[in-house]
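The values are calculated or read from the model by the stated rules, or taken from the named source; none is laboratory data. On a predicted model such as this, the values are computed, not experimentally measured, just so you know. Note that we place each Cβ from the backbone using ideal geometry, even for glycine, and neighbour counts take in every protein chain shown. Side chains included, ligands, DNA and RNA excluded: accessible areas come from the protein's heavy atoms. Shrake-Rupley method; radii C 1.70, N 1.55, O 1.52, S 1.80 Å.
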Amino acid sequence: ACALWLATALILRMSSLSALVAAALSPVAAMLLGYTQGVGLLIVLGALVWFKHIPNIRRILTGEEPRIGKKPETTS
């Protein structure tokens, strides 16, 4: 999950999107690596991550989600 997050963060520069990708792909990675016993738990935890990120998903879709390394725009 950490490697998935890091790879996504380096490419797309969005922490929230990286967390969503890692949460979605962790069960797949676990299956491919032979850790089948924990897949159910990873699916439940991934769903929880997605649920808790609903406001971030909205900001991603509208292009308002801040990127890693960029200062947020301030309004005067």
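So that you can scan it fast, the table gives a plain yes or no per residue for (1) within 23 Å of Lys71 (Cβ to Cβ); (2) touching a Cys at 6+ places or on another chain (Cβ under 7 Å); (3) touching a residue at least 40 places away in the same chain (Cβ under 8 Å); (4) of a type outside the set (Val, Ile, Thr):
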{"position": "Leu17", "(1), (2), (3), (4)": "yes, no, yes, yes"}
{"position": "Ala23", "(1), (2), (3), (4)": "no, no, no, yes"}
{"position": "Met31", "(1), (2), (3), (4)": "no, no, no, yes"}
{"position": "Gly34", "(1), (2), (3), (4)": "no, no, no, yes"}
{"position": "Ile43", "(1), (2), (3), (4)": "no, no, no, no"}
{"position": "Ala47", "(1), (2), (3), (4)": "no, no, no, yes"}
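Just to be sure before I move on: is Ile68 surrounded by 11 or more Cβ atoms within 10 Å (Cβ to Cβ), aliphatic (A, V, I, L, M) and part of a helix (DSSP H, G or I) in the structure I sent? Here the answer is no, as Ile68 does not meet what is asked.
Scanning the stretch 1-41 for residues that are farther than 15 Å from Asn56 by Cα, open to solvent by less than 90 Å² (accessible area, probe 1.4 Å) and outside any helix (DSSP H, G or I) turns up Ala1, Gly34.
Is it true that some residue in the stretch 36-45 is touching a Leu at 6+ places or on another chain (Cβ under 9 Å) and not aliphatic (A, V, I, L, M)?
Taking the stretch 36-45 and keeping what is touching a Leu at 6+ places or on another chain (Cβ under 9 Å), we get none.
The answer is no, given that none of the residues of the stretch 36-45 is touching a Leu at 6+ places or on another chain (Cβ under 9 Å) and not aliphatic (A, V, I, L, M).
Apart from one condition, Thr75 fits all of (1) in a helix (DSSP H, G or I); (2) modelled with pLDDT under 95; the exception is (1). For the stretch 17-56, a residue qualifies if it is farther than 21 Å from Ala3 by Cα and of a type in the set (A, V, I, L, M), and exactly one does: Ile54.
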